[in-house]
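Taking it in order: structure first as structure tokens, then the write-up.
The values are calculated or read from the model by the stated rules, or taken from the named source; none is laboratory data. For clarity, every value in this text was computed on a predicted model and none was experimentally measured. All Cβ positions, glycine included, derive from the backbone under ideal geometry; neighbour counts span all protein chains shown.
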Amino acid sequence: MTPWPALQLATDGLPASADVVVVGGGIVGAATAFFACRAGLRVVILEKRPALCTLTTPVSTGAFRLQFDNPEEVAVVREGIDLFDHFAEIAELPGYDLDIHKQGYLFCATSDAGAQHQRQFAAALLGWGVSDLEVLDGDEARYRFPYLGHEIIQARFRQGDGWLDPKRLTFGYARASRATICLETPAIGFVTRGDRVVGVQTPRGSIACEHAVIATGPFAGPVAALAGLNLDLRPTIRHKLVMPDLPALPATSPMTIHEETAAHWRPALSGCYALWTDAQTPAGAPLENVPTSTDFAFGLLDPRSPCSLARLSPLWKSIWEEGSAYWLLQAGQYTYTADHRPLLGPSDVPGLVLNVGYSGHGIMASAGGSRLVVDSMLGRQRLAENPFRPQREIVERPLDIL
């Protein structure tokens, strides 16, 4: 038995009402419930699957970093990291462990253009208050991290970046929220009075509420459409390569990333998780079961590939040539917005609130983003002061790997 409060599962029918109904039981939905509870609100979470945290959240790597290209996301993730560091105390869950590893993010450049980008990036981050970022030349990087290859001419490193267990964080949020959780209960519509949402419809009945928050990840577009709200959201398949047993890779290494292609790995299990992002992958419909492709694995593992991990370390060439390492694939969907920034706060439909579109940053931004959503919903945050408000001018931004 755990010393923490049990999840409040609704087993005897739906609650008739709540202050807030959160649609979605992944990490963002659970974080929304946590901050709504801290604001003194009665919360219900609706999850259409038989358990919380089973779609996009568990496929992530659980990573967090302050190395962003804009001060707004630096601030919102910094807020989250501060919460993660003190989660057991703040959530009033004594001894609750998020399995945090601050082993750093190490971006490795193999071209002059990549090295120049790193220097410019480091200067910008310093101006945004990230004062502990290091820029290392190739020899310094190899001295610190001996597994790196000789192609690397420069690296940027921040020790305070790292990763945690996203399922532990999700269930920590959910336990601490004391929310009533309704499993196998999708939202199928909204109850309106005039132009305002005043309830959420489910196959089991309706729940009256002051606020309904959409936190359904890749399914946010279809759920918002139930209220007549059209959102430009672009679910895009992303993969994770799981190598459960790989003793050649140092377990204490940082998240190691190729600056130019964003191919990267981090220690996990007794091996690693490895990823890369294909900017040409088209957006598609949201999926309950996301298919995988072995092309993704070979793109990382085959040294002939332009996004091969062998460009970072000769260890990966040896792993490929030896050929006996086991691996498997997982896939989920990033939900991109046109400018790759989330939509946080009250929508144009009164009573309907958005916590969506994190574009792959939902784990690390879940705390700061959800706190901002709740404060905006309650009028504690002025609309003009919310850089992620859904009503902002959104300028299309290409997915630039470098």
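Under the condition of being surrounded by fewer than 24 Cβ atoms within 10 Å (Cβ to Cβ) and out of contact with any Pro (no Cβ under 9 Å at 6 or more places or on another chain), which residue from segment 159-171 is farthest from Asp137 (Cα to Cα)? The residue in question is Phe171. Taking the criterion of being surrounded by fewer than 17 Cβ atoms within 10 Å (Cβ to Cβ) and within 24 Å of Trp276 (Cα to Cα), the residues of segment 60-98 that qualify are Asp69, Asn70.
Select, from Leu126, Leu136, the only residue that is without any contact (Cβ under 8 Å) to a residue 24 or more places away in the chain and surrounded by 18 or more Cβ atoms within 10 Å (Cβ to Cβ). Among Leu126, Leu136, only Leu136 is without any contact (Cβ under 8 Å) to a residue 24 or more places away in the chain and surrounded by 18 or more Cβ atoms within 10 Å (Cβ to Cβ).
From the list Ala141, Ala176, Ala187, which residue is closer than 14 Å to Val22 by Cα and in contact (Cβ under 8 Å) with a residue 24 or more places away in the chain?
Matching residue, one of Ala141, Ala176, Ala187: Ala187.
If I filter segment 165-181 for residues that are among the acidic types (Asp, Glu) and either assigned by TED's automatic domain parsing to the domain that holds Cys272 or touching an Asp or Glu at 6+ places or on another chain (Cβ under 7 Å) (or both), do I get at least one hit?
yes
I'd like the full set of residues that are among the hydroxyl-bearing types (Ser, Thr, Tyr) and either within 29 Å of His361 (Cβ to Cβ) or surrounded by 24 or more Cβ atoms within 10 Å (Cβ to Cβ) (or both), limited to segment 1-38. Result: Thr32, single match. Checked against (1) surrounded by fewer than 17 Cβ atoms within 10 Å (Cβ to Cβ); (2) part of a loop (DSSP other than H, G, I, E, B); (3) at pLDDT below 95, Gln381 passes all but condition (1). The residues listed here are Ala268, Ala285, Ala338; of these, the one that is touching a helix residue (DSSP H, G or I) at 6+ places or on another chain (Cβ under 9 Å) and of a type outside the set (Ser, Thr, Tyr) is Ala285.
Output the number of residues of segment 85-118 satisfying the condition of being touching a residue at least 24 places away in the same chain (Cβ under 8 Å), over 21 Å from Ile363 (Cα atoms) and in a helix (DSSP H, G or I). Count: 6. When segment 270-296 is filtered for residues that are within 24 Å of Leu164 (Cα to Cα), of a type in the set (Val, Ile, Thr) and without any contact (Cβ under 8 Å) to a residue 40 or more places away in the chain, nothing remains. Set side by side, the residues Gly172, Gly149, Gly80 differ, and just one is small (Gly, Ala, Ser), under 29 Å from Glu288 (Cα atoms) and touching a Ser or Thr at 6+ places or on another chain (Cβ under 9 Å), which is Gly80.
Checked against (1) closer than 30 Å to Val213 by Cα; (2) outside any loop (DSSP other than H, G, I, E, B); (3) not basic (Lys, Arg), Ala187 meets all criteria but (2). Taking segment 233-254 as the range and being under 18 Å from the mean Cα position of the chain (by Cα) and part of a loop (DSSP other than H, G, I, E, B) as the test, only Leu233 passes. Looking only at residues of segment 190-232 that are in contact (Cβ under 8 Å) with a residue 24 or more places away in the chain, assigned to a helix (DSSP H, G or I) and among the small types (Gly, Ala, Ser), we find that the one that is surrounded by the most Cβ atoms within 10 Å (Cβ to Cβ) is Gly217. Against the conditions (1) over 28 Å from Asp137 (Cα atoms); (2) more than 17 Å from the chain's Cα centre (by Cα), where does Cys108 fall short? Just the number, please. Every condition holds for Cys108 apart from (1). Within segment 4-18, does at least one residue satisfy the condition of being within 24 Å of Gly357 (Cα to Cα), out of contact with any helix residue (DSSP H, G or I) (no Cβ under 6 Å at 6 or more places or on another chain) and assigned by TED's automatic domain parsing to the domain that holds Pro346? No, the conditions are met nowhere in segment 4-18.
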